[in-house]
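Right, one structure below, let's go through it.
The values are calculated or read from the model by the stated rules, or taken from the named source; none is laboratory data. This one's a predicted model, so the numbers in the text were calculated from it and none came from an experiment. Note that we place each Cβ from the backbone using ideal geometry, even for glycine, and neighbour counts take in every protein chain shown. These area figures cover heavy atoms from the full protein model, side chains too; ligands, DNA and RNA do not enter into them. Shrake-Rupley method; radii C 1.70, N 1.55, O 1.52, S 1.80 Å.
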Amino acid sequence: MKISMVSEHASPLAALGGVDAGGQNVHVAELSLALARRGHEVTVYTRRDDAALPDRVRTDPLLEVVHVTAGPAHNVPKDQLLPYMAEFATGIVADWGEDPPDIVHGHFWMSGLAALDAARQARTAGRQVQVIQTFHALGSVKRRHQGAEDTSPSERLMLETMVGRSADRVIATCSDEVFELKALGVPVGQISIAPCGVDLDLFMPRGPVESRGRAHRIVSVGRLVPRKGMDLVIRALRELADLGRTDVELVIVGGAGNAVRLEEDPEARRLLALAADLGVSDRVVLRGQVSRAEMPAVLRSADAVVCAPWYEPFGIVPLEAMACGVPVVAAAVGGLVDTVVDGTTGLHVPPEDPAALAAAIERVVADPDWGRRLGDDGYRRVRARYSWSRIAADTEKAYQSALGAAAPAERATARRSAARRLESTGGRAL
Ligand code: UDP
């Protein structure tokens, strides 16, 4: 198949950990690569956020990233990108030229708008392109949890609903999202589930382990935004201290690129002030951004990786921890309900409950043998269910369902164009 991935703000080439660069970037990068490795011809379209970026970057024989000029060629917060989506779609269609893809796959609601717009323009020119949508996060859920703090454009809920109902197929990343999509009026028969995956060649139990500053360590990883609940983990440290457990350090990973910029980050400052107020500053380390290559060593150094978000559309970090053989203490929300098996690969706790977090951390820290067993089972679980090759196969099925549901005439056109491409690539592209 010829596949266009659309990811307006989340480039697969970006550094991770900043406010708008996290799981979606990883997802688009890894899924695209896994699909290319299955023989599909994949192009990722992302917004040019730096004038110095090349137009095209080929990262694999069948995978290319295209930087589309849409709006200013510098970083713009994702909540301000909506006005540029028409220009973004036009840039995608221009790149398609006479040879549009079989599938255009939008990631996040605004990319969905651009994908629908591009497919509509192709249809007007007599070419059929099936639109697949993965939301990654839903505005309806964000609004429920963040209320007035939600900086999304006011049109988000209406446009997101329209994208969900108009796409040929919607891919949910977890079972909780299926309920949310149903509530938006997306027909259940049009929803597939394909979770996020984890790079099992990078995240594995064996390898370097960062040294600790105390007898025990917990690690929390995420963009430094309030909804990731890093403050709740700091509060849990206080609860642990009140239980007499002062030998646990907390390493928080994420945020701006280096320590100096971290000090300028309001969320980092808030967390440091909270730690000082609670008298636990001596055991809280804000590490800032950690590269992909360094991340496994940091995760392996933990007795437990703690994920305490208010809500979590999916959450790749628990998979990375499990792949490293580390148990996960997780709030029982969103995707974490599917990925972490309570009592088997980690522990679930109620959301926004520092005392429950502390109790769960204490259980793991106090019984290292049990912690190891949880870690081993987590490792087995991710290997069995969350490799990117398996996720790519699930995604391919969703693409095939969309193509299969297309009108017979559309299928004939898609088959003819696939046959032409097969000829031109010497039989490599499926
Ligand atoms: N991440 C990273 N370096 C950092 C912070 C985060 O590589 O400094 C990665 C992390 O390992 C994970 C992703 O960013 O792969 C975050 O994904 P997740 O789904 O957990 O959260 P999201 O950012 O999508 O809310």
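Look at residue 183 and say whether it is free of Cβ contacts under 8 Å to residues at least 40 places away in the same chain, over 17 Å from residue 395 (Cα atoms) and more than 19 Å from the chain's Cα centre (by Cα).
no
Can you list residue pairs whose Cβ atoms sit under 7 Å apart, with the first residue in the range 305-329 being at positive phi and the second being open to solvent by 10 Å² or more (accessible area, probe 1.4 Å) and among the charged types (D, E, K, R)? Count only pairs 6 or more apart in sequence or on different chains.
325/376
Would you mention how many residues in the range 76-97 are open to solvent by 20 Å² or more (accessible area, probe 1.4 Å), in a loop (DSSP other than H, G, I, E, B) and in contact (Cβ under 8 Å) with a residue 40 or more places away in the chain?
1
Out of the helices (runs of 4 or more DSSP H) lying entirely within the range 103-189, which hold 1 or more residues that are within 22 Å of residue 12 (Cβ to Cβ) and of a type outside the set (D, E, K, R)?
Of the helices (runs of 4 or more DSSP H) lying wholly inside the range 103-189, those with at least 1 residues that are within 22 Å of residue 12 (Cβ to Cβ) and of a type outside the set (D, E, K, R) span 109-124, 156-166.
Please verify whether the range 255-262 includes one or more residues that are within 25 Å of residue 339 (Cβ to Cβ) and within 26 Å of the chain's Cα centre (by Cα).
yes
Any residue at all in the range 12-25 that is touching a residue at least 60 places away in the same chain (Cβ under 8 Å), away from the ligand (no atom under 13 Å from the Cβ) and crowded, with 20+ Cβ neighbours inside 10 Å?
no
I need the full set of residues from the range 209-227 which are touching a helix residue (DSSP H, G or I) at 6+ places or on another chain (Cβ under 7 Å), open to solvent by 20 Å² or more (accessible area, probe 1.4 Å) and within 16 Å of the ligand (Cβ to nearest atom), in order please.
210, 221, 225, 226, 227
Quickly run through the range 26-45 and pick out the residues that are within 16 Å of the ligand (Cβ to nearest atom) and modelled with pLDDT of 95 or more.
27, 28, 29, 30, 31, 32, 33, 34
Yes or no: residue 287 in contact (Cβ under 8 Å) with a residue 12 or more places away in the chain, within 12 Å of the ligand (Cβ to nearest atom), over 30 Å from residue 178 (Cβ atoms) and among the charged types (D, E, K, R)?
yes
For the range 26-47, name all the residues that are out of contact with any Asp or Glu (no Cβ under 9 Å at 6 or more places or on another chain) and either surrounded by 24 or more Cβ atoms within 10 Å (Cβ to Cβ) or under 20 Å from residue 316 (Cβ atoms) (or both).
27, 28, 29, 31, 34
Table: residues versus (1) at pLDDT below 95; (2) closer than 20 Å to residue 16 by Cα; (3) touching a Lys or Arg at 6+ places or on another chain (Cβ under 7 Å).
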position: 232; (1), (2), (3): no, no, no
position: 246; (1), (2), (3): no, no, no
position: 264; (1), (2), (3): yes, yes, no
position: 277; (1), (2), (3): no, no, no
position: 282; (1), (2), (3): no, no, no
position: 289; (1), (2), (3): yes, yes, no
position: 300; (1), (2), (3): no, yes, no
position: 303; (1), (2), (3): no, no, yes
position: 308; (1), (2), (3): no, yes, no
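I'd like the full set of residues that are surrounded by 14 or more Cβ atoms within 10 Å (Cβ to Cβ), on the phi < 0 side of the Ramachandran plot and in a loop (DSSP other than H, G, I, E, B), limited to the range 248-282.
256, 265, 278, 280
What pairs can you find where one residue is in the range 207-221 and free of Cβ contacts under 8 Å to residues at least 60 places away in the same chain, the other is assigned to a loop (DSSP other than H, G, I, E, B), and their Cβ atoms are less than 9 Å apart, with a gap of 6+ or different chains?
Cβ pairs passing all conditions: 215/247.
Would it be correct to say that residue 202 is open to solvent by 10 Å² or more (accessible area, probe 1.4 Å), within 16 Å of the ligand (Cβ to nearest atom) and not in a helix (DSSP H, G or I)?
The answer is yes for residue 202.
Can you pull out the residues in the range 190-199 that are in contact with a Ser or Thr (Cβ under 7 Å, 6 or more places away or on another chain) and in a loop (DSSP other than H, G, I, E, B)?
The answer is 194, 195, 196, 197.
Looking only at the range 160-190, which residues are more than 20 Å from residue 332 (Cβ to Cβ), surrounded by fewer than 18 Cβ atoms within 10 Å (Cβ to Cβ) and in contact with a helix residue (DSSP H, G or I) (Cβ under 9 Å, 6 or more places away or on another chain)?
162, 165, 166, 182, 185, 187, 188
Pick out the one residue from 103, 132 that is touching a residue at least 60 places away in the same chain (Cβ under 8 Å), among the β-branched types (Val, Ile, Thr), out of contact with any Asp or Glu (no Cβ under 7 Å at 6 or more places or on another chain) and over 29 Å from residue 308 (Cβ atoms).
103
Among the residues of the range 110-140, which ones are of a type in the set (Ser, Thr, Tyr) and open to solvent by 10 Å² or more (accessible area, probe 1.4 Å)?
Listed by number, the residues that qualify are 124, 140.
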